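Asks: Take a look at the following structure, please.
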Amino acid sequence: MLGGEPVESQEATVVYSPFAASGLFGAFASALTADAMQRNRSFLQGKMGEDVASDVVSILDNGRLPSGLASRPFDDEGTPTKATRLIDEGVLQAVLYDDYAAQQDGTNSSGNASRMSHRGAPSLSTSNFYLQPGNLSRDELISDVEKGLYVVNTMNNHAVNPVSGSYSVSAQGFWIENGKITKPINGVTIALPLGDILKNIKAVANDLTFSPMGKVVGTPTFRVDGVMIGGL
């Protein structure tokens, strides 16, 4: 990253590395819980059964994922854990429940109750939350990008709002030109509403990587078209 400079402000493709995407997918995790829906605190409110993402996007929460950092047979209310397909090929199919949220909606818990210690009451939380990987390698995905930014790190992720869907973060990475990674880039912002990010994901690689950043969140490298890059 030495010598990194901003580029001119423009709309372009952004390719997220798994580490850079962890803050973004933490916001998606917060928006896909039943309590967020019940309190009208999700940008996906009222969209159950609708197309909310491109057809290459499937998002799961799997408490039984083999070797998963948050895998376990039961949650902290004694409910068996399971895999829940939240968004299936772009369609919003489900949200996550603990017992309390399930009672509010007249359904069953998905096994997503968690508590920090024996002194606290359980609350609704994700387990192994991830974007389902595709078939491309990272290099194959990047080779299809005519012009864009390969993001390796984002900052001020606390500003991402899963309620309103606003997304604007500072980013560092490398410029992509004709499918090749070229110069280092620093001092830019990337912005696009969360709902548009889901719809503009055009390709997903096969390098699924988990990052325990508060929540256990995993993504492969993926490509988002039409992102506003703010620079010079």
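Asks: Counting only C-alpha contacts under 8 Å and six or more residues apart, can you give the relative contact order of region 41-86 as a whole percent?
Replies: Once divided by the residue count of region 41-86, the mean separation gives 35 percent.
Asks: Then there is this: Note the angle between two axes, namely the Cα long axis of helix 22-31 and the longest principal axis of the Cα atoms of the chain, as a number of degrees from 0 to 90, rounded to the nearest 10.
Replies: 40
Asks: How high is the relative contact order of region 48-184, in percent, counting Cα pairs under 8 Å that sit 6 or more residues apart?
Replies: On the way: 258 pairs, mean separation 27.6, N = 137.
Dividing the mean separation by the residue count of region 48-184 yields 20 percent.
Asks: Counting pairs of alpha carbon atoms under 8 Å apart in space and at least six apart in sequence, what relative contact order in percent does the chain give?
Replies: 31
Asks: Of the listed values (i) 55, 46, 27; (ii) 52, 34, 34; (iii) 61, 43, 33, identify the label whose number matches Cα extents along the principal axes in Å calculated from this model.
Replies: So the structure-derived entry is (ii).
Asks: Test of understanding: in a Gaussian network model of the chain with alpha carbons linked when under 10 Å, which of SER22, SER137, SER42 would top the mean-square fluctuation ranking?
Replies: Largest GNM mean-square fluctuation: SER137.
Asks: Using amide H atoms built 1.01 Å from N in the peptide plane, name the residues 5+ places from LEU96, or on other chains, whose amide H lies under 5 Å from its own.
Replies: THR33, ALA34
Asks: Grab every C-alpha pair in region 1-132, bin the distances at 5 angstrom width from 0 up to the longest one, and report whole percents.
Replies: All Cα pairs considered, the percentages come to 2, 10, 16, 21, 19, 12, 7, 5, 4, 3, 1, 0.
Asks: Working out 0.36 nm times the residue gap between ASN108 and ASN40, then minus their Cα-Cα distance, what length gain in nm do you get to one decimal?
Replies: On the way: separation 68, 0.36 × 68 = 24.48 nm, distance 2.02 nm.
Contour length minus the Cα-Cα distance gives 22.5 nm.
Asks: State to the nearest 20 debye the size of the charge dipole of the chain about its Cα centre, where the only charges are +1 on K and R beta carbons and -1 on D and E beta carbons.
Replies: Approximately 520 debye in magnitude.
We did not get these values from a lab; they are worked out from the coordinates using the rules stated. The shown structure was predicted, so the numbers you read here are calculated from the model rather than taken from an experiment. Glycine gets a Cβ as well: all are built from the backbone with ideal geometry, and neighbour counts include every protein chain shown.
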